[in-house]
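Inspection log for the structure reproduced underneath, given as structure tokens.
Here, each number is a calculation from the coordinates, and none is a lab measurement. Everything numeric here is computed off the predicted structure, so don't read it as measured data. Every residue, glycine as well, gets a Cβ built from its backbone with ideal geometry; the counts of neighbours run over all protein chains shown.
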């Protein structure tokens, strides 16, 4: 038996997401975010739950994005 069918390939910290949002806003780079979202949906990219807590301190489009991708934030 293979322990992981789809092992995580990337673990993000909060600064990576904050930089991505700042340098490549969702509204201006939708195709980039579509590709990024696909990687998240396939759990190729994940992040610790603490990253979600840091994101939720804000009140911008990244908070909404994180709400839609809650499953990538692992304990």
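Look at 53, 22 and count the other Cβ atoms within 10 Å of each Cβ; fewest to most, that gives 22, 53.
Taking label positions 7 Å along the Cα-Cβ direction at both residue 13 and residue 28, the computed distance is 2.5 nm, reported to one decimal.
Summary value for the chain: 38 percent relative contact order, contacts being C-alpha pairs under 8 angstrom separated by 6+ residues.
Treating the angle as unsigned and between 0 and 90°, give the value, to the nearest 10°, between the Cα long axis of helix 30-41 and the longest Cα principal axis of the chain. Once rounded, the angle reads 30 degrees. Per-residue ellipticity at 222 nm from helix content only, as computed over the chain with -39500 (n - 2.57) for each DSSP H run of at least four residues, stands at -14000 deg cm²/dmol. Distance between the pseudo-spin-label points of residue 64 and residue 49 (7 Å out from Cα toward the beta carbon): 2.7 nm.
How would you classify the stretch 10-74 from its alpha-carbon gyration tensor, with a ≥ b ≥ c the square roots of the eigenvalues: rounded for a/c under 1.5, else prolate if a/b is greater than b/c, otherwise oblate? Because a/c hits 1.5 or more and a/b fails to exceed b/c, the stretch 10-74 counts as oblate.
Any chance you could give the angle, 0 to 90 degrees and rounded to 10, that helix 14-23 forms with the longest Cα principal axis of the chain? In the chain, helix 14-23 runs at an angle near 50 degrees to the longest axis.
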